[in-house]
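Only one structure is covered here, and it is reproduced in the block below.
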Amino acid sequence: GGFIMPLFEPLSFAQITMGVIVLAGLILANEFARRSKYFAIFLFIVIPIFLTFAVWPKTAGPGSSVGTWFHWAKVYSALAGCIGFMLIRYNKKLRTNKYALMFPPFILALNIMEAVIRDFQCYSFNGLVDGVTIIGGPWNIMNGIAGILNIITISGWFGIIISKDKSEDMIWPDQLWFWIIAYDLWNFAYVYNCISDHSYYSGLILLLSCTIPAFFIKKGAWLQHRAQTLATWAMIALCIPNFLDSSKFAVKSSHSTTALFVVSFLSLASNLAVFVYHYYKIFKYKKNPFKEEIHTDLNSYKVVLNDNKLQSHNI
């Protein structure tokens, strides 16, 4: 309707259908990967080695819209996340090693920080940058601040456990729905600000592909869903850059400054709310955020913990 501020150009039936196909494909790939160690090794180790030498130098070389160091770094950092999480999940010693458990929050914070720096950079851009249209403005600053707030509300990683079922998922009970929603709003705003013409697939669809499983399929495993869907999509995007740029499925941003402002405003407001709530609880319950989980009082925390500790093991 007219009252909804358009984020994108008017979507065709083909673009909407392709969005649904990509969404379903990413959710399925994530489900196979988390349920089968061998499928995951194939998808996140064997395939990328092949693509690195045989495909990407041709498709994502200099001159393509994904030929920048940033896109290559994204692929490998997402893959590093997947492989690191697999090591924690499948190695009995690493599961309870407090240094190994610092890897998930570290790679998450690093990924957010990379994006925050990029948002601040884009503030001064206007026009085509590396083949991407960027409209810099106050939204970049607002969203950069939102990303920093998102990092400092990451909590309870020492409470990460491995689920007691066949899929052996990496479960993070203290990483709850309100943090995930604030992250999603921040990340969408970042993609919308900095790679706006890719933000339909690399923002909206990609975030839905890990948020739907985190809310409806396997609660508590959001970061694992995020790494696996991000790595899968990043590999696909490097193989077929034209899909995102010039195919009939490519969706352009509306490049509306109102849309840019509103999206980043929502991101900042939600992250500010989570930040205030988070530190209110830290002070109220005198918690040490480097040693204690913050949200143990919440029902959503208890549900995740109880679902995954059924056949409790002694650490």
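The values are calculated or read from the model by the stated rules, or taken from the named source; none is laboratory data. Small disclaimer: the values here were computed from a predicted structure and weren't measured. Cβ atoms come from the backbone with ideal geometry, glycine included; neighbour counts cover every protein chain shown. Note: accessible area is taken over every heavy atom of the protein model, side chains too, but ligands, DNA and RNA are not part of it. Shrake-Rupley method; radii C 1.70, N 1.55, O 1.52, S 1.80 Å.
Quick notes on this one:
- Exposed-loop-free span, longest in the chain, where chymotrypsin sites (Phe, Trp or Tyr not before Pro) count as exposed if DSSP calls them loop and at most 15 other C-beta atoms lie within 10 Å: 100-284
- Across VAL66, VAL20, VAL75, mean-square fluctuation computed from a Gaussian network of the chain (C-alpha pairs under 10 Å connected) peaks at VAL20.
- Counted charge near LYS37, where neighbours are those whose Cβ lies closer than 13 Å (Asp, Glu -1; Lys, Arg +1): +2
- Share of carbon and sulfur in the accessible heavy-atom surface of the chain [1.4 Å probe, %]: 71
- J(HN,Hα) series, region 67-83, from Karplus relation 6.51 cos²θ - 1.76 cosθ + 1.60, nearest Hz, glycine and proline x: x, 8, 4, 4, 5, 5, 4, 4, 4, 6, 6, 5, 5, 4, x, 4, 5
- Computed extension length for ASP130-VAL20: 36.8 nm, one decimal, from 0.36 nm per residue of separation with the Cα-Cα distance subtracted.
- Crossing angle, helix 138-151 versus the chain [Cα axis fit, 0-90 degrees, rounded to tens]: 20
- Computed helical MRE - 222 nm, the chain, DSSP H runs ≥ 4 contributing -39500 (n - 2.57), nearest 500: -18500 deg cm²/dmol
- For region 244-315, applying the loop criterion from DSSP together with a ceiling of 16 other beta carbons within 10 Å to the trypsin sites (Lys or Arg not before Pro) yields LYS248, LYS252, LYS286, LYS291, LYS309.
- Both the radius of gyration and Dmax for region 133-193 are 15.4, 48 Å, in that order, over alpha-carbon atoms.
- Calculated P(r) tail over 38 Å for the chain, as whole % of Cα pairs: 13
- Cα gyration tensor shape of region 14-63, rounded if a/c is under 1.5, else prolate or oblate by comparing a/b with b/c: oblate
- Surrounding net charge for GLY144, when Lys and Arg each add one and Asp and Glu each subtract one, Cβ distance under 13 Å: -1
- Summed residue charge, Cβ within 14 Å of THR133's Cβ, Lys/Arg positive, Asp/Glu negative: -3
- Between 0 and 90°, nearest 10: helix 222-239 axis offset from the chain longest Cα axis: 30
- Along region 86-102 the Karplus relation, 6.51 cos²θ - 1.76 cosθ + 1.60 evaluated at θ = phi - 60°, assigns HN-Hα couplings of 5, 4, 5, 5, 9, 10, 4, 6, 5, 3, 10, 7, 5, 6, 4, 6, 7 Hz to successive residues, with x for each Gly and Pro.
- Alpha-carbon centroid distance for the pair region 68-121 / region 286-305, whole angstrom: 23
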